[in-house]
Structure formats: structure tokens, C-alpha cells
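Colleague: Can you keep this structure in mind? I'll have questions shortly.
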Amino acid sequence: MSAQTMATAPVRRRRGVNLEKWGWIFMRVSGVVLVVLIFGHLFVNLMVGEGIHALDFAFMTARVAKRAVSTVMRCLSVVRVLNRVS
């Protein structure tokens, strides 16, 4: 057999969405976002202002009113855990 007859057929690529690739990218990006959110959360709550001494009823009421960062952290964490389980 010569080298010309042993040539392999061209590889056909699947068309469509590559869910495995996008899942991998999501896990990496969401991990970085979670780390930034966690350290930002710790910095704001412990270092800025009076730190732990500022915890009172008014502070907690304001924190409960602004839940966007906590909600994003929880949602990303749940999605990551569910992705690991399945």
C-alpha cells in the first residue's frame, strides 16, 4: 500500500451547539465570578467602615433590602453543585 491509498478521510465536524464546551466555559467563568464575589463580600462586610461593630438592626435591614450580590452567589453555587452531581 502506498502513502496515497492510506490517506485518511477528512474528519467531518458536527454542526450545532457543543454543550460540553459551553458547560466547561461556564464552570470556569462562574468559578472566577464566585471567587471575586466572595472576596468582595468579605472586604465590604469586614474591612469597610467599622467592620463587625457596625452590625445592628439598621445595617441588617439595609443588607436584606439589597440582596442582588447574595442572590447571584447562591444561584451560581447551586448551578455548579447541580452540574457536579449530574
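The values are calculated or read from the model by the stated rules, or taken from the named source; none is laboratory data. Everything numeric here is computed off the predicted structure, so don't read it as measured data. Cβ: placed from backbone, ideal geometry, glycine included. Neighbour counts: every protein chain shown.
Colleague: Could you give me the residue pairs with C-beta distances under 6 Å whose first residue belongs to segment 58-86 and is under 16 Å from VAL44 (Cβ atoms) and of a type outside the set (Lys, Arg), whose second residue is at pLDDT 80 or above and surrounded by fewer than 10 Cβ atoms within 10 Å (Cβ to Cβ) wherever it lies, and which are 6+ apart or on separate chains?
Modeller: none
Residue-wise test of (1) of a type in the set (A, V, I, L, M); (2) modelled with pLDDT under 80.
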residue: LEU34; (1), (2): yes, no
residue: ILE38; (1), (2): yes, no
residue: THR71; (1), (2): no, no
residue: ARG74; (1), (2): no, no
residue: ARG80; (1), (2): no, no
residue: SER86; (1), (2): no, yes
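Colleague: Could you tell me which residue of segment 32-50 is nearest to the chain's Cα centre (by Cα), considering only residues that are of a type outside the set (A, V, I, L, M, F, W, C) and over 15 Å from ALA62 (Cα atoms)? Show your work before the answer.
Modeller: Filtering segment 32-50 for residues of a type outside the set (A, V, I, L, M, F, W, C) gives 40-41, 45, 49-50.
Filter again for over 15 Å from ALA62 (Cα atoms), leaving 40, 50.
On the way: GLY40: 15, GLU50: 30 Å.
By that ranking, first place goes to GLY40.
Colleague: Six or more apart or on different chains, Cβ under 6 Å: which pairs go from a residue in segment 42-56 that's at positive phi and of a type outside the set (Ser, Thr, Tyr) to one that's in a helix (DSSP H, G or I) and surrounded by 10 or more Cβ atoms within 10 Å (Cβ to Cβ)? Could you list them?
Modeller: Pairs that qualify, where the first residue is at positive phi and of a type outside the set (Ser, Thr, Tyr) and the partner is in a helix (DSSP H, G or I) and surrounded by 10 or more Cβ atoms within 10 Å (Cβ to Cβ): there are none.
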